[in-house]
1. Tell me, what % of the accessible area of segment 19-143 is carbon and sulfur with a 1.4 angstrom probe?
2. Counting only residues 5 or more places away or on other chains, whose amide H sits under 5 Å from the amide H of G145 once H atoms are built in the peptide plane?
3. Across the Cα atoms of the chain, what radius of gyration and what greatest pairwise Cα-Cα distance (Dmax) are found, in Å?
4. Report, in deg cm²/dmol and to the nearest 500, the calculated mean residue ellipticity at 222 nm for the chain, where each DSSP H run with n ≥ 4 adds -39500 (n - 2.57) and the sum is divided by the residue count.
5. Which of V96, V169, V208 ends up with the largest GNM mean-square fluctuation for the chain, with Cα atoms connected below 10 Å?
6. Looking at segment 67-186 from every direction and averaging, what is the projected area of its Cα convex hull in nm²?
7. What FRET efficiency comes out for W45 versus F213 if R0 is 30 angstrom and r is the Cβ-Cβ distance? Round to the nearest 0.05.
8. How large is the accessible surface per residue of the chain, computed with a 1.4 Å probe and reported in Å² as a whole number?
Amino acid sequence: WKTGSSAHFGSSVHAGLELLHNGSTVDEAIAEFIRYFDSIVPDYWNRRTKYTTFKDLGQTMIREYAATYKWTEHVTLATEFRFMIPFGEHELSGIVDHMYTNHNMDRLYLSDFKTGAKPNLDTLHLDIQMTSYWYASYQKEFWCGYPGEEEKYTGLENGEELYEIFRDVPRTVYWYDLRKNQAVDVGPRGDFDVARMYRLVEQIARAVEFEVFVPNISAESCYFCDHKDI
């Protein structure tokens, strides 16, 4: 596994934002970004990327985000939250960058921070990653941890209580474009979206079973992949 400059930059920004959401100051969050960014040398540099540009851009992203986020209106529930849930005969896992609510706890927000990819507003309502976050947040294992995998997928300390609180609460999933410092609502999800996601998971499982990987329209996510040049 090789690490590209764009992927490492994104991880570095996430590390800084994680501290910020957990109560650190902006300066502390930026210091963590710099520490993480300088901790390794990427195996390769993506086209049109360079060290100084990324180092300046990351600090700008964190400062602008901290300045516009409504800290007094929102309560952070988790940051860089790792989950796994059952999905039919399969399992879905992922990481929610920031999960929060309002003081009335009558709305749940799930944000995924993007440091490079731009949201395609024509297809964002079909985005599988965002569908998986929306669906997962309704599952008890999301909040309480995955049986047999508690060390990796721990859930939340008061997961049982939060699961009941947010069982029927509306969700808003955001694609957060850090380059523009803009939260883009990916739109509502429903049974059709879950069925679509399940069909895709079935296709992936069959491809793995038979070791046949044919690019198709579901490869739209390749546009955002750090390995698209390869």
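1. Details: 3130 of 6410 Å².
C and S atoms contribute 49 percent here.
2. HN-HN under 5 Å from G145: G155, L156.
3. Here Rg and the maximum Cα pair distance are 18.1, 52 Å.
4. Values: 7 runs with 88 residues, N = 230.
Dividing the helical sum by the residues of the chain leaves -12000 deg cm²/dmol.
5. V208
6. Working: hull surface 32.4 nm².
Value for segment 67-186: 8.1 nm².
7. Details: r = 27 Å, r/R0 = 0.90.
It comes out at approximately 0.65.
8. Numbers: 13170 Å² over 230 residues.
I get 57 Å² per residue for the chain.
The values are calculated or read from the model by the stated rules, or taken from the named source; none is laboratory data. All of these numbers come straight from a predicted model, not from anything done at the bench. Every residue, glycine as well, gets a Cβ built from its backbone with ideal geometry; the counts of neighbours run over all protein chains shown. The area values use the complete protein model at the heavy-atom level, side chains included, leaving out ligands, DNA and RNA. Shrake-Rupley method; radii C 1.70, N 1.55, O 1.52, S 1.80 Å.
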